[in-house]
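Let me begin by presenting the structure, written as structure tokens, before commenting on it.
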Amino acid sequence: MSSVKIINLTKSFNNTNVLKNITIDVEEGEFISLLGPSGCGKSTLLKLIAGLLEVDSGDIVFNNESVINILTEKRGAIIVFQDYLLFPHMTVYENIEFGLKMKKVTKDIRSKKVEEILNLVKLKEHKNRYPSQLSGGQQQRVAMARALVLNPRILLLDEPFSNLDINLRNEMREFVLSIQKRLNITTIMVTHNKEEALTMSNRVAVMLDGEIKQFDTPKNLYENP
Ligand code: ADP
Ligand code: ADP
């Protein structure tokens, strides 16, 4: 678990300023949404926090430690992408295990951790299935499990519910929140869905054109829209 401070962060692509002086402060265990229209810079911000892109200027601080020079694998902020990016030729078990293998975790510990997470996301009975044999909600739970098994300090969710139908969406929102609360894991979710941001988050950062326009609790945002 970790707090996150984003300080005066800027990022340009081909001389276009995509993020302009972004500052946000996320507390340990908090659930934050980045809410804004397509193209406003939400995913870019998420990738900077994860270390998948380099910042132009500014700082990113986890628990009082600057992480901008720390590699992605060591940083501990893990993104769950909206299209899940599961390996189609691997079973549920193998998909979840893969990151641990990459980190050279021993077989005994891998097995213990994967089984633990399978219980947490309620996929134990599906562990030998392939992604194509799973429903959308189950695939999303595998994607979550694959991130959680690595014990991230910060969980980053990129439009996690956009590929699910409306009925499943509510169920999955509750599911993600229950796991987030249980693990008390600092979470930053990108969404363009206002209702989703307001109902799920402790605080919402409203973004437009690469800037944070408001950063407040759902209650205050309702009262001062
Ligand atoms: P959002 O997630 O809010 O939809 P993005 O962060 O994906 O927005 O994109 C913000 C802007 O940056 C967009 O104009 C997009 O076209 C541009 N952009 C994103 N990634 C790149 C890239 N790798 N190269 C050039 N431009 C990019
Ligand atoms: P390897 O050392 O090549 O990973 P293992 O003997 O660990 O081989 O496992 C054989 C296959 O079964 C692997 O693909 C592994 O991911 C999978 N596997 C291992 N333990 C379990 C388990 N408890 N449940 C489901 N699949 C498992």
Practice prompt. State the number of residues belonging to segment 180-196 that are under 16 Å from Ile79 (Cα atoms) and either in a loop (DSSP other than H, G, I, E, B) or of a type in the set (Val, Ile, Thr) (or both).
Written response: 6
Discussion item. For segment 26-41, which positions are farther than 11 Å from Val4 by Cβ and in a strand (DSSP E or B)?
Written reply: Phe31, Ser33, Leu34, Leu35
Discussion item. Checking the condition among the hydroxyl-bearing types (Ser, Thr, Tyr), in a strand (DSSP E or B) and either within 16 Å of ligand 1 (Cβ to nearest atom) or touching a residue at least 12 places away in the same chain (Cβ under 8 Å) (or both), which residue from Thr23, Thr44 passes?
Written reply: Thr23
Response to the item:
By residue number, the members of segment 117-149 that are in a loop (DSSP other than H, G, I, E, B), touching a residue at least 40 places away in the same chain (Cβ under 8 Å) and surrounded by fewer than 20 Cβ atoms within 10 Å (Cβ to Cβ) are Tyr130, Leu134
Worksheet item: Applying the selection to segment 10-37, what residues are within 15 Å of Leu208 (Cα to Cα) and surrounded by 16 or more Cβ atoms within 10 Å (Cβ to Cβ)?
Response: Thr10, Lys11, Val18, Leu19, Ile22, Ile24, Ser33, Leu34, Leu35, Gly36
Worksheet, complete the sentence: Of (1) out of contact with any Pro (no Cβ under 6 Å at 6 or more places or on another chain); (2) in a strand (DSSP E or B), Ile78 satisfies every one except (1)
Fill in: Flag for Glu73 being more than 30 Å from Leu53 (Cβ to Cβ) and either polar (S, T, N, Q) or more than 16 Å from ligand 1 (Cβ to nearest atom) (or both)
no
Worksheet entry | Looking only at segment 177-197, and only at residues there that are of a type in the set (A, V, I, L, M, F, W, C) and at pLDDT below 95, the one that is surrounded by the fewest Cβ atoms within 10 Å (Cβ to Cβ) | Leu183
Worksheet item: Which of the following residues is touching a strand residue (DSSP E or B) at 6+ places or on another chain (Cβ under 8 Å), on the phi < 0 side of the Ramachandran plot and surrounded by fewer than 20 Cβ atoms within 10 Å (Cβ to Cβ): Asp83, Asp59?
Response: Asp59
Worksheet item: Applying the selection to segment 198-217, what residues are in contact with a helix residue (DSSP H, G or I) (Cβ under 8 Å, 6 or more places away or on another chain), of a type in the set (A, V, I, L, M, F, W, C) and crowded, with 19+ Cβ neighbours inside 10 Å?
Response: Met200, Val204, Val206, Met207
Response to the item:
Taking segment 81-109 and keeping residues out of contact with any Lys or Arg (no Cβ under 8 Å at 6 or more places or on another chain), assigned to a helix (DSSP H, G or I) and modelled with pLDDT of 95 or more leaves Glu94, Lys107, Asp108, Ile109
Practice prompt. Could you tell me whether Glu94 is within 16 Å of ligand 2 (Cβ to nearest atom) and either within 14 Å of the chain's Cα centre (by Cα) or more than 17 Å from Asn21 (Cα to Cα) (or both)?
Written response: yes
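The values are calculated or read from the model by the stated rules, or taken from the named source; none is laboratory data. Nothing here was measured: the structure is a model prediction, and the numbers come from that model. Heads up, the Cβs are rebuilt from the backbone with ideal geometry, glycines too, and the neighbour counts pull from every protein chain shown.
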